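Undergrad: Below you will find the structure I want to go over with you.
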Amino acid sequence: MFGASGGIGAALASALCNRDDVAEVYAASRSGDVPVHVKAVPLAFDLADEASIAAAAARMGASGPIDLAIVATGILHRADGGGPEKSWRALEAGALAELYAVNAIGPAMIARHVLPLLPRDRRAVFAALSARVGSIGDNRLGGWHAYRASKAALNMLVRNFAIELARTNRQAIAVSLHPGTVDSGLSRPFQKGVSAERLFGPADAAGHLLQVIDGLQPADSGGLFAWDGAAIPF
(Lines give C-alpha, C1' and ligand atoms only; values in the text may rest on other atoms or scores of the structure.)
Protein backbone atom coordinates (compact mmCIF):
# COMPACT_ATOMS: atom_id res chain seq x y z
CA MET A 1 0.00 0.00 0.00
CA PHE A 2 1.03 3.60 -0.60
CA GLY A 3 0.60 6.22 2.12
CA ALA A 4 1.29 3.88 5.03
CA SER A 5 2.46 6.54 7.50
CA GLY A 6 -0.67 8.72 7.53
CA GLY A 7 -3.48 8.31 10.04
CA ILE A 8 -5.67 5.99 7.97
CA GLY A 9 -2.76 4.49 6.04
CA ALA A 10 -0.88 3.43 9.18
CA ALA A 11 -4.06 1.94 10.62
CA LEU A 12 -4.72 0.02 7.39
CA ALA A 13 -1.17 -1.31 7.36
CA SER A 14 -1.45 -2.47 10.97
CA ALA A 15 -4.84 -4.07 10.39
CA LEU A 16 -3.60 -5.94 7.34
CA CYS A 17 -0.52 -7.15 9.21
CA ASN A 18 -2.78 -8.61 11.90
CA ARG A 19 -4.88 -10.62 9.46
CA ASP A 20 -4.27 -14.35 9.16
CA ASP A 21 -5.05 -14.30 5.44
CA VAL A 22 -2.30 -11.75 4.70
CA ALA A 23 1.23 -13.02 4.25
CA GLU A 24 3.09 -9.76 3.69
CA VAL A 25 2.33 -6.05 3.65
CA TYR A 26 4.41 -3.71 1.52
CA ALA A 27 4.02 -0.40 3.34
CA ALA A 28 5.24 2.57 1.31
CA SER A 29 5.52 6.07 2.72
CA ARG A 30 7.56 9.21 2.17
CA SER A 31 9.73 8.50 5.20
CA GLY A 32 9.66 4.72 5.07
CA ASP A 33 8.51 4.88 8.70
CA VAL A 34 5.65 2.43 9.25
CA PRO A 35 4.30 0.36 12.16
CA VAL A 36 6.81 -2.32 13.07
CA HIS A 37 5.49 -5.80 12.37
CA VAL A 38 7.04 -9.02 11.17
CA LYS A 39 4.82 -8.94 8.07
CA ALA A 40 5.53 -5.31 7.20
CA VAL A 41 8.04 -4.46 4.48
CA PRO A 42 8.75 -0.71 4.71
CA LEU A 43 9.40 1.17 1.49
CA ALA A 44 10.10 4.84 0.81
CA PHE A 45 8.64 6.77 -2.11
CA ASP A 46 7.89 10.32 -3.17
CA LEU A 47 4.44 10.88 -4.65
CA ALA A 48 5.86 13.60 -6.91
CA ASP A 49 8.68 11.38 -8.20
CA GLU A 50 7.46 8.69 -10.59
CA ALA A 51 10.84 6.94 -10.55
CA SER A 52 10.50 6.35 -6.80
CA ILE A 53 6.95 5.04 -7.31
CA ALA A 54 8.20 2.67 -9.99
CA ALA A 55 11.00 1.44 -7.72
CA ALA A 56 8.60 0.80 -4.83
CA ALA A 57 6.17 -1.03 -7.13
CA ALA A 58 9.01 -3.16 -8.53
CA ARG A 59 9.92 -4.19 -4.99
CA MET A 60 6.29 -5.05 -4.28
CA GLY A 61 6.05 -7.25 -7.34
CA ALA A 62 9.40 -8.96 -6.94
CA SER A 63 7.85 -12.00 -5.25
CA GLY A 64 4.89 -12.32 -7.61
CA PRO A 65 1.45 -10.78 -8.13
CA ILE A 66 -0.20 -8.74 -5.38
CA ASP A 67 -3.85 -9.29 -4.48
CA LEU A 68 -4.61 -5.93 -2.88
CA ALA A 69 -3.26 -2.46 -3.60
CA ILE A 70 -4.40 0.54 -1.54
CA VAL A 71 -3.58 4.18 -2.22
CA ALA A 72 -4.04 6.16 1.01
CA THR A 73 -2.36 9.39 -0.02
CA GLY A 74 -4.02 12.80 -0.24
CA ILE A 75 -4.28 16.35 1.06
CA LEU A 76 -7.28 18.54 1.89
CA HIS A 77 -5.70 21.90 1.13
CA ARG A 78 -2.29 23.55 0.81
CA ALA A 79 -0.36 23.61 4.06
CA ASP A 80 0.49 27.29 3.60
CA GLY A 81 -2.97 28.29 2.37
CA GLY A 82 -6.09 29.50 4.08
CA GLY A 83 -7.93 26.19 3.99
CA PRO A 84 -10.45 24.89 1.44
CA GLU A 85 -11.95 27.60 -0.77
CA LYS A 86 -15.42 28.79 0.23
CA SER A 87 -15.89 30.75 -3.00
CA TRP A 88 -14.53 30.97 -6.53
CA ARG A 89 -12.99 34.26 -5.40
CA ALA A 90 -10.48 32.26 -3.36
CA LEU A 91 -9.31 30.12 -6.28
CA GLU A 92 -5.57 30.05 -6.90
CA ALA A 93 -3.85 28.29 -9.77
CA GLY A 94 -1.07 27.06 -7.50
CA ALA A 95 -3.49 25.47 -5.04
CA LEU A 96 -5.42 23.78 -7.83
CA ALA A 97 -2.22 22.41 -9.36
CA GLU A 98 -0.93 21.13 -6.02
CA LEU A 99 -4.12 19.32 -5.08
CA TYR A 100 -4.45 17.79 -8.53
CA ALA A 101 -0.83 16.64 -8.29
CA VAL A 102 -1.33 14.96 -4.92
CA ASN A 103 -4.92 13.75 -5.13
CA ALA A 104 -5.14 12.69 -8.78
CA ILE A 105 -1.82 12.64 -10.64
CA GLY A 106 0.14 10.89 -7.90
CA PRO A 107 -2.40 8.05 -7.52
CA ALA A 108 -2.56 7.77 -11.32
CA MET A 109 1.20 7.20 -11.45
CA ILE A 110 0.90 4.64 -8.69
CA ALA A 111 -1.78 2.85 -10.71
CA ARG A 112 0.42 2.92 -13.80
CA HIS A 113 3.05 0.85 -12.00
CA VAL A 114 0.88 -1.21 -9.65
CA LEU A 115 -2.01 -2.35 -11.82
CA PRO A 116 0.26 -4.58 -13.94
CA LEU A 117 1.20 -6.41 -10.71
CA LEU A 118 -2.35 -7.62 -10.07
CA PRO A 119 -2.99 -11.28 -10.95
CA ARG A 120 -4.97 -12.11 -14.06
CA ASP A 121 -6.43 -15.40 -12.86
CA ARG A 122 -8.14 -14.52 -9.56
CA ARG A 123 -9.79 -11.76 -7.55
CA ALA A 124 -7.65 -8.69 -6.99
CA VAL A 125 -8.47 -5.20 -5.70
CA PHE A 126 -7.07 -1.74 -6.36
CA ALA A 127 -8.59 0.78 -3.94
CA ALA A 128 -7.89 4.51 -3.72
CA LEU A 129 -9.06 6.64 -0.82
CA SER A 130 -11.28 9.38 -2.17
CA ALA A 131 -14.08 11.45 -0.61
CA ARG A 132 -17.83 11.90 -0.82
CA VAL A 133 -17.28 15.56 -1.72
CA GLY A 134 -15.65 14.34 -4.94
CA SER A 135 -19.08 13.18 -6.13
CA ILE A 136 -20.60 15.54 -8.69
CA GLY A 137 -24.07 14.07 -8.23
CA ASP A 138 -23.93 14.37 -4.44
CA ASN A 139 -22.66 17.97 -4.40
CA ARG A 140 -25.25 20.23 -2.74
CA LEU A 141 -23.05 22.79 -0.98
CA GLY A 142 -20.36 23.84 -3.44
CA GLY A 143 -17.06 25.29 -2.27
CA TRP A 144 -13.89 23.36 -1.51
CA HIS A 145 -13.17 23.67 -5.22
CA ALA A 146 -9.66 22.24 -5.49
CA TYR A 147 -10.34 19.31 -3.17
CA ARG A 148 -13.68 18.42 -4.76
CA ALA A 149 -12.34 18.67 -8.29
CA SER A 150 -9.16 16.70 -7.61
CA LYS A 151 -11.11 13.89 -5.94
CA ALA A 152 -13.64 13.88 -8.78
CA ALA A 153 -10.69 13.48 -11.16
CA LEU A 154 -9.42 10.58 -9.06
CA ASN A 155 -12.84 8.91 -9.19
CA MET A 156 -12.88 9.19 -12.98
CA LEU A 157 -9.39 7.74 -13.25
CA VAL A 158 -10.40 4.78 -11.10
CA ARG A 159 -13.46 4.22 -13.29
CA ASN A 160 -11.14 4.16 -16.32
CA PHE A 161 -8.81 1.70 -14.60
CA ALA A 162 -11.75 -0.59 -13.84
CA ILE A 163 -12.78 -0.68 -17.49
CA GLU A 164 -9.27 -1.50 -18.62
CA LEU A 165 -8.68 -4.11 -15.91
CA ALA A 166 -11.82 -5.99 -16.93
CA ARG A 167 -10.32 -6.64 -20.35
CA THR A 168 -7.62 -8.86 -18.87
CA ASN A 169 -9.21 -10.08 -15.62
CA ARG A 170 -12.96 -10.01 -15.08
CA GLN A 171 -12.40 -10.78 -11.40
CA ALA A 172 -10.30 -7.65 -10.84
CA ILE A 173 -11.84 -4.71 -8.99
CA ALA A 174 -10.86 -1.03 -8.93
CA VAL A 175 -12.77 1.29 -6.62
CA SER A 176 -12.66 4.65 -4.86
CA LEU A 177 -13.45 4.62 -1.13
CA HIS A 178 -14.83 7.32 1.15
CA PRO A 179 -13.60 6.65 4.73
CA GLY A 180 -15.97 9.08 6.41
CA THR A 181 -14.72 11.71 8.84
CA VAL A 182 -11.65 10.32 10.57
CA ASP A 183 -10.17 11.91 13.66
CA SER A 184 -6.81 13.01 12.32
CA GLY A 185 -4.75 16.14 11.87
CA LEU A 186 -6.16 16.41 8.34
CA SER A 187 -9.78 16.66 9.43
CA ARG A 188 -9.50 18.19 12.90
CA PRO A 189 -10.21 21.78 11.82
CA PHE A 190 -13.37 20.62 10.04
CA GLN A 191 -14.96 18.31 12.62
CA LYS A 192 -17.43 20.88 13.94
CA GLY A 193 -20.94 19.55 13.51
CA VAL A 194 -19.84 15.93 13.04
CA SER A 195 -21.71 13.72 15.51
CA ALA A 196 -19.67 11.48 17.80
CA GLU A 197 -20.95 8.32 16.14
CA ARG A 198 -19.83 9.60 12.73
CA LEU A 199 -16.33 10.62 13.84
CA PHE A 200 -14.12 7.57 13.52
CA GLY A 201 -10.74 6.80 14.99
CA PRO A 202 -8.14 5.61 12.44
CA ALA A 203 -8.38 1.97 13.58
CA ASP A 204 -12.17 1.95 13.25
CA ALA A 205 -11.94 3.63 9.84
CA ALA A 206 -9.45 1.03 8.67
CA GLY A 207 -11.73 -1.75 9.85
CA HIS A 208 -14.68 -0.26 7.98
CA LEU A 209 -12.70 0.12 4.76
CA LEU A 210 -11.31 -3.42 4.85
CA GLN A 211 -14.80 -4.77 5.47
CA VAL A 212 -16.01 -2.92 2.39
CA ILE A 213 -13.08 -4.22 0.35
CA ASP A 214 -13.75 -7.79 1.48
CA GLY A 215 -17.35 -7.52 0.31
CA LEU A 216 -16.67 -6.06 -3.14
CA GLN A 217 -17.75 -7.99 -6.22
CA PRO A 218 -16.53 -7.57 -9.82
CA ALA A 219 -19.79 -5.78 -10.63
CA ASP A 220 -18.76 -3.07 -8.13
CA SER A 221 -15.60 -2.25 -10.05
CA GLY A 222 -15.34 1.39 -11.06
CA GLY A 223 -17.60 2.61 -8.27
CA LEU A 224 -17.26 5.01 -5.36
CA PHE A 225 -18.23 3.49 -2.00
CA ALA A 226 -18.64 4.91 1.47
CA TRP A 227 -17.22 3.45 4.68
CA ASP A 228 -20.47 1.55 5.28
CA GLY A 229 -20.50 -0.02 1.82
CA ALA A 230 -23.13 2.33 0.38
CA ALA A 231 -22.60 3.32 -3.23
CA ILE A 232 -22.07 7.05 -3.82
CA PRO A 233 -23.12 8.55 -7.17
CA PHE A 234 -20.43 9.99 -9.40
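The values are calculated or read from the model by the stated rules, or taken from the named source; none is laboratory data. Fair warning: this is a prediction, and the values are worked out from it, not measured in the lab. Cβ placement follows ideal geometry from the backbone for every residue including glycine, while neighbour counts extend to all protein chains displayed.
Undergrad: Of the conditions (1) modelled with pLDDT of 95 or more; (2) in contact with a Leu (Cβ under 7 Å, 6 or more places away or on another chain); (3) aromatic (Phe, Trp, Tyr), PHE234 satisfies every one except a single condition; which number is it?
TA: (1) is the only condition that PHE234 fails.
Undergrad: For the range 131-182, how many residues are among the aromatic types (Phe, Trp, Tyr) and under 18 Å from ILE75 (Cβ atoms)? Show your work before the answer.
TA: Residues of the range 131-182 among the aromatic types (Phe, Trp, Tyr): 144, 147, 161.
In the following step, the residues that additionally are under 18 Å from ILE75 (Cβ atoms) were identified as 144, 147.
Qualifying residue count, the range 131-182: 2.
Undergrad: Which of the residues that make up the range 51-76 are of a type in the set (D, E, K, R) and under 17 Å from the mean Cα position of the chain (by Cα)?
TA: From the range 51-76, those of a type in the set (D, E, K, R) are 59, 67; that's our starting set.
Correct list: ASP67 only.
Undergrad: How many residues does the range 190-206 contain that are modelled with pLDDT under 75 and not β-branched (Val, Ile, Thr)?
TA: To start, the set of residues in the range 190-206 that are modelled with pLDDT under 75 comprises 190-198.
When the remaining residues are screened for being not β-branched (Val, Ile, Thr), the result is 190-193, 195-198.
Within the range 190-206, residues that are modelled with pLDDT under 75 and not β-branched (Val, Ile, Thr) number 8.
Undergrad: Please work out which residue is surrounded by the fewest Cβ atoms within 10 Å (Cβ to Cβ), limiting yourself to the range 168-183 and to residues that are closer than 15 Å to ALA111 by Cβ and not aliphatic (A, V, I, L, M).
TA: From the range 168-183, those closer than 15 Å to ALA111 by Cβ are 168-169, 172-177; that's our starting set.
Applying the additional criterion that residues be not aliphatic (A, V, I, L, M) yields 168-169, 176.
Numbers: THR168: 11, ASN169: 16, SER176: 29.
Per the criteria, the residue is THR168.
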